[in-house]
Structures are given as C-alpha cells and as structure tokens.
Amino acid sequence: MALLLGVDTGGTYTDAVLLRDEKDVIASAKALTTRGDLAIGIGTAIRAVLDQSGVEPLAISLASLSTTLATNALVEGQGERVALVFVGFRPSDLEQHGLRDALKGDPIAALVGGHDHAGGEAAPLDVPGLIAFLDTNTSGVSGYAVASQFATRNPAHELEVARIISERTGAPVTCSHHLSAKLNGPKRAVTAILNARLIGMIDRLIGRAQDVLTDLGIGAPMMVVRGDGALMSADQARERPIETILSGPAASIVGARWLTGADEALVSDIGGTTTDVAVLRDGKPAIDPQGARVGGFRTMVEAVAMRTSGLGGDSQVHVQSQGLAGGVFLGPRRVIPIALIAQDAPDVVHAALDAQLRNATTTDHDGRFVRALPGLPRGDMPPRETELLSRIGDQVHPLGRILRSRMETGAMGRLIDRGLVQIAGVTPSDASHVLGTLSEWDGEAADKALTLLARRRTGSGDMLAANATDLAQMIVDQLTEQTAITLLETAFAEEETEFGLPPDLLARHVLMQKGLGGHRGLLALDAALNVDVVGLGASAPTYYPAVGERLHCRMILPQHAGVANAIGAVVGRITMRHTGTVTSPSEGRFRVHLETGPEDFAAASDALERLQSVLRASAEAAALSAGAAGIQFSVEQDIKTARAEARDVFVEATLTVEARGRPRNASG
C-alpha cells in the first residue's frame, strides 16, 4: 500500500491530501497560506491530514508540492532584483517580446559577442566589459540572467559569462539555453529574467516545505509539479523555478481528470489570486506550443495551454466612477480580504472602519489596510521605501495613516511588487460574507467595509450602491461575468474554426453577449458554451453555478474540487523532454548542436543518431535525478527539407527525446 501526500500552496490557502494507492482520498485539509513564513500554513495542513487519517509520518512514501507562488508573483509583478547580461544582440532587440518590461528598470549589460546561426563565433566575448559591469552593478542584485545570440546553436559564451559571474559574485545564474532549445534570443532572455527573479522565492518555499516534512518525521522524497503537469525533483525546481509557473493550475488539470474521468471539458480553477482555464482533450491537457503566457509575458516554458487571469476570491475590487452608471471591476492584484485581516487585528480594523463610517465623506484609502511581511530579504532600498517599511513596522495600519503624500504611493507600489508589503481591501470573499455564502472569517468587518465602498460616488453623483448587500451582489455578479468572459476567450482560442477576430474581442462581442442573453426581436440569437466545465477551487461551489447558468453549459463540481491541485500533485509522472537540432551549414555537412559545442558529420543519419544518443542520455539522467523508476522513452523528430534540382535537400532537423517514469518511491 502506497500513501501519497500532496500539498498545494496557493495565494490564500494551502491544501493537503493523503491518497492511498492513487485510488482513494483518505484525508484532505486546508490552512491559510502564511506569506511571511510558508512553513506555518504547510505544516498546519499536513498535520491536519495526518490527524484525520491516523497515518504515521514514516508510512508516507512520496510527498509532492504544487504551487501558484511563481504564477501569482508574475501576475502581480513581484520578484527580486536581477541583472541581464545580453550578448551579441542589437539595442533594438530590447524592445521585443516585452524584454524591457520584464527588466522593470533592473541593470543590463549589452556586450559584444554571440554566435551565428551555424554555431560559429560572430565576435569574441567582451570579457572586460562584463567584469566592469559586475564591479559596478551588483548592489541589491539577487541573481543574473544570461542570454547570448544563437546560444542554442553554441552556448559557449553563455557558459563563460555564467562562470565569470559565479566566480565574482556567488549569485545564482540562469542561462537561457538551459530553459529552451528554441531560437529567438529576446524571448529566451525574457524567460531567463523571470527565472532569475523567481529563484529566491521558490528556493524559500521548497526549503521551508522540506523543513516541515523533516520536523514532522516524514522521510519521503519531495517532488514539485512543473507547468506541464509532470513532476521534477525539489533540486531541479530550485534551479529552474520558471518551470513551476502554472504548476498549481497544471496540477489542477491532472486532478480534474482524476476526479471526474472527463475526456473533453474546460477546466476552470478559481483561487485567491487567479482563475486558470485549460482544455481537456482525450483526457489530456493541451500543451501550449508557443510557451506559457503569464503576467503579460510570453515565455519559452513548456506548460499546459492555460489562460490565467488576475481574477480570484481575493481580487481587489475597483470602483468604476467613469460614466453615469458606475460599477465595479475585479483584479488583477490580490489583496487580503477585510474579513481576514480583521481576524488578525480586530481592534485596529474595527476602530478604523467605525471612524471612517462616521465621516461625512469617503476617501480612496477608506476600508484599506497595510502590513509588512517579516523575515523576507529586503536588500538595498531607496530611502522612501525604507522609511515606509519602518513606519509600518510589524503592525496592521489603516492605509491612510501610513501614506502621507502622493509621492509615497509609488514607493508603496514598489514594496508591494517586491512582496514585502500586503494591502487589505474589499474582495469577492468579503462580498460572500455579506451575502451569507461564506462565514469563515469576520463578516461584521466585511459588512462595514462594503458599506463604506457603497458610499463612493459614480459619474452621476449617485452612490455606487444603496447598501452593503446590494454592493456584495454587484461584486459577485461581476465575478460571474469576468469568469464567463475568461471561459469564452479560452473556447474561442481553442476553436478550430477561424472567426476573424482575436478571442478577447469575440468573447465580448455584442452578438455573443446578446446570444447568451437569448435576444429575441427581428433576430433570434442564442449562444452557449458547447462543452462541460469542471469547476475547481474552494470557492467554486459558491460562484460557479451562476457561471454555468450564464454560459448555458453543464457545470461539474466534483467532490474534493477544493483540493484538486493537491491531488494532481501526487498522481502525475516524472517526464523529462530534451530537444536538440541538426543543421546543414553546407552541402554534405551535417552539424549537431550540443551543450559541449557543434559537431559535424558527413551523413545526416550519423548526425541524427549522435543527437538522439546525447538527448536520450541527458533525458535519462534528468529523470533519474528526479527520482524516476521504470523509465520509458519516446522520440519525436521533425525533419525539414527543401526541393532543389528535382531532389529533397536536408535543411534542419529537430529531435525531442522524452523519458517518462513513475516516482521511484511512490509504491511504498
């Protein structure tokens, strides 16, 4: 009998489940995610399932972690300060694929060097320029990203830059060619930057999770879910945290399939920070061929084809004051629900809300609070941010008492982006407390906060809502609408029929909206989602029945839907895919592009055989390192040829070797 422990650390909740032989859920539990020290929430959830089941810690044969931490960080624009070493590219390349946006003002060294498409050196690497950059730009930098032109054809310059950075700084270095074998240097650079930005965050999560397992006496190996739903070892996740983006959502897809047996469906997982929608086809999640897109960035990470929107139970509620009617909009930033922060600091929260309710007018800061997260590395910070953190200290404060000028608003935003400070405000979770569909936290505080927000004025001069209950319903209705739009966008994006407009425009098109409303006039318009939706997440039973009604589709809400991510974390398999390329720089010469440098062969078959052998060995080594047993291999090859002088001429070949196996100790 194998006892498997799955843990999912989300933005709001940490879930844990115990499975027996991948067949039965024998215990499940939730605990609040503790951002300041993730081990507290993880430990609480694991202890709860151990207590429920009566299982001895040593009897657990495998532990696996999925997390939305990396996804949420990118959606919310968080992460640590990094530096990019950009080798052999033009200055204009910084404007491609959101590369400059990904840097967010962090330092960059644009150096001479790089290779050509055939793997030959385009120019010698500017080592003195690199050393000068490192001597003047290391302050506050937690890690480095390195991207060199055509590094996937010859990684020599990336490897040399990484060696020098490691020797001189000791900081972690991310090489772009380690994350993808595809061309497109600027896009690889974006992926490398995001990876470097996440290393410290994911390292702390994994380290604290392993500490908890040790403290509880659980000696099982720990795995981490990748963005494609496969498993990797904790050490591999520490090196390539970017591969954990969409980890939680990918685990939820695997969990949805396990829970329902559905072959064709949309899977929608609502968490505290995001809503993640993916497609199940033939019982398998579709993989995004263009790479995972999260937080506005298109990466080169192989992951499930997922639409992630900043919409969740803890999404910030924004008042739309423009226009006569007014209204609300949700997200993309997560805030702490007022009902929750009131549990942590009831005296501060209720006193502030009562005082604000007595005022004749409302301000933008009413009903909002701030606290700092202790124990996180702060590095070097400008004086204004340092002063704000000192002012906040270790207490909860009304936001208006901390911000003393407009200039401090920007500094506060930067502290939030770095994950050092959290804001509390009105959320859909608070609306649910007011409506009575949720009662876990302080409903009285939620009612006061919504009463304050309802007093805000619209463009017509009228109050936003008559009372807290009306505003709560307005917020929940808006969540229903934004969720429906997200599902429609996914459906249009995956449709085989071309409609001539982008999915976001199609989902919002007046004809689609009128069709969903069953318009009847001279025209009769009907529209519906023609596939089942599997609703996952703790709040899915609260919000998703209305979504199913809106889209006229069957909404499946399976048992254990609230811990589907944790279930998916332990029923996956270790899968390592390694890809390489063979080119033909001249007639009769076939070049294999390897980590150790290009190798030339006189026959295409010899080159392909050499590449397959190297890829098989590296994929097997990675799978064994992750803890795989019973490894099986598959090979895909894409050979491109061109017709010339009545014969096919070899142009390029791409080989992918997949090594797949079960976690070694999963069977006990």
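Got a sec? Which of Gly11, Gly36, Gly43 is at pLDDT below 90, touching a helix residue (DSSP H, G or I) at 6+ places or on another chain (Cβ under 9 Å) and outside the structural domain of Ala372 (by TED's automatic domain parsing)?
Working: Gly36 fails: touching a helix residue (DSSP H, G or I) at 6+ places or on another chain (Cβ under 9 Å); Gly43 fails: at pLDDT below 90.
Only one candidate qualifies: Gly11.
Between a residue in the range 268-288 that is surrounded by fewer than 24 Cβ atoms within 10 Å (Cβ to Cβ) and of a type in the set (Gly, Ala, Ser) and any residue that is in a strand (DSSP E or B) and modelled with pLDDT of 85 or more, which pairs come within a Cβ distance under 6 Å, given they are 6 or more apart or on different chains?
Close Cβ pairs satisfying both conditions: Ala286/Val279.
Specify which of the listed residues (Ala230, Ala196, Ala237) is under 22 Å from Ile46 (Cβ atoms) and within 19 Å of the chain's Cα centre (by Cα).
Values: Ala230 fails: under 22 Å from Ile46 (Cβ atoms); Ala196 fails: under 22 Å from Ile46 (Cβ atoms).
Among Ala230, Ala196, Ala237, only Ala237 is under 22 Å from Ile46 (Cβ atoms) and within 19 Å of the chain's Cα centre (by Cα).
Matching residues to (1) buried (at least 16 other Cβ atoms within 10 Å of the Cβ); (2) of a type outside the set (A, V, I, L, M, F, W, C); (3) in contact with a strand residue (DSSP E or B) (Cβ under 7 Å, 6 or more places away or on another chain); (4) in a helix (DSSP H, G or I):
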site: Ile42; (1), (2), (3), (4): yes, no, yes, yes
site: Ala45; (1), (2), (3), (4): yes, no, yes, yes
site: Ala70; (1), (2), (3), (4): yes, no, no, yes
site: Gly77; (1), (2), (3), (4): yes, yes, no, no
site: Ala102; (1), (2), (3), (4): yes, no, yes, yes
site: Ala109; (1), (2), (3), (4): yes, no, yes, no
site: Ala118; (1), (2), (3), (4): yes, no, yes, no
site: Pro128; (1), (2), (3), (4): no, yes, no, yes
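Taking the range 29-40 on its own, how many of its residues are closer than 20 Å to Gly219 by Cα and touching a strand residue (DSSP E or B) at 6+ places or on another chain (Cβ under 9 Å)?
Qualifying residue count, the range 29-40: 2.
Suppose we filter Thr152, Thr191 for residues that are among the hydroxyl-bearing types (Ser, Thr, Tyr) and over 30 Å from Thr14 (Cα atoms); which single one remains? So that I can check it myself, show each step before the final result.
On the way: Thr191 fails: over 30 Å from Thr14 (Cα atoms).
Going through Thr152, Thr191 in turn, just one is among the hydroxyl-bearing types (Ser, Thr, Tyr) and over 30 Å from Thr14 (Cα atoms): Thr152.
Out of Ile341, Ile336, Ile242, Ile270, report the one residue that is among the hydrophobic types (A, V, I, L, M, F, W, C) and closer than 30 Å to Pro221 by Cβ.
On the way: Ile341 fails: closer than 30 Å to Pro221 by Cβ; Ile336 fails: closer than 30 Å to Pro221 by Cβ; Ile270 fails: closer than 30 Å to Pro221 by Cβ.
Just a single option satisfies the conditions, and that option is Ile242.
Given the options Ala607, Ala524, Ala566, Ala528, name the one that is surrounded by 22 or more Cβ atoms within 10 Å (Cβ to Cβ), among the hydrophobic types (A, V, I, L, M, F, W, C) and in contact with a Gly (Cβ under 9 Å, 6 or more places away or on another chain). Steps first, please.
Working: Ala607 fails: in contact with a Gly (Cβ under 9 Å, 6 or more places away or on another chain); Ala524 fails: surrounded by 22 or more Cβ atoms within 10 Å (Cβ to Cβ); Ala528 fails: surrounded by 22 or more Cβ atoms within 10 Å (Cβ to Cβ).
Exactly one residue qualifies, and that residue is Ala566.
What number of residues within the range 340-384 satisfy the criterion of being of a type in the set (A, V, I, L, M, F, W, C) and surrounded by 21 or more Cβ atoms within 10 Å (Cβ to Cβ)?
Applying the first criterion (of a type in the set (A, V, I, L, M, F, W, C)) to the range 340-384 yields 340-342, 345, 348-349, 351-353, 355, 357, 360, 369-370, 372-373, 376, 381.
Those still in the list that are surrounded by 21 or more Cβ atoms within 10 Å (Cβ to Cβ) too: 340-342, 349, 352-353, 369-370, 372.
So the answer is 9.
The values are calculated or read from the model by the stated rules, or taken from the named source; none is laboratory data. The shown structure was predicted, so the numbers you read here are calculated from the model rather than taken from an experiment. Neighbour counts run over all protein chains shown; Cβ positions are idealised from the backbone, glycine included.
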